[in-house]
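Undergrad: Provided herewith is a single structure, encoded as structure tokens, for subsequent inquiry.
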Amino acid sequence: MNRIAMLAEILAANPGDAFARYGLAMEYSNTGKIEEALQEFKTLLEKNPDYVPGYFMAAQTLVKVDRTDEAKTMLQNGIVAAQRKGDSHAASEMQGMLDEIGG
């Protein structure tokens, strides 16, 4: 069974599993299934707005397909989430990427 099928199976049994949903989004992104990846990131962040890595990886996925404006918004939201959680390292990484892409 491939990773996408395995993660989809985990999510079918437990749709609230944030780590599995993040993993599925990453697998989709890494295999070039960008729209599927972005949908999983969207679902992840709607259900888990403090899942900080989701914002960063969603932004990286958006940049891959030249959707820079959406990436900027994702990073801005991620910085807010990171600050809310007291994660200054993640906030700093996202700010760095935002600066790089002209945010």
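Undergrad: Taking helices (runs of 4 or more DSSP H) that fall entirely within the stretch 1-53, which contain at least 1 residues that are under 25 Å from residue 80 (Cβ atoms)? Walk me through it before giving the result.
TA: Details: elements: 3-13, 18-30, 34-47.
Counting at least 1 such residues, we get 18-30, 34-47.
Undergrad: For residues in the stretch 65-103 being among the small types (Gly, Ala, Ser) and in contact (Cβ under 8 Å) with a residue 24 or more places away in the chain, which is surrounded by the most Cβ atoms within 10 Å (Cβ to Cβ)?
TA: 78
Undergrad: Could you list, in sequence order, the residues of the stretch 32-63 that are open to solvent by 60 Å² or more (accessible area, probe 1.4 Å) and within 18 Å of residue 99 (Cβ to Cβ)?
TA: Listed by number, the list holds a single entry, 60.
Undergrad: Considering only the stretch 85-103, state which residues are closer than 11 Å to residue 71 by Cα and part of a helix (DSSP H, G or I).
TA: The initial filter retains those residues of the stretch 85-103 that are closer than 11 Å to residue 71 by Cα, namely 94, 97-98, 101-103.
If the condition is that a residue be closer than 11 Å to residue 71 by Cα and part of a helix (DSSP H, G or I), then 94, 97, 98 are the ones that fit.
The values are calculated or read from the model by the stated rules, or taken from the named source; none is laboratory data. If you're wondering where the values come from, they're calculated on a predicted model, not measured in any experiment. FYI the Cβ positions are ideal-geometry reconstructions off the backbone, even for glycines, and counts take in every protein chain you see. Ligands, DNA and RNA are stripped out before the accessible areas are found, and what is left, the full protein with its side chains, is counted by its heavy atoms. Shrake-Rupley method; radii C 1.70, N 1.55, O 1.52, S 1.80 Å.
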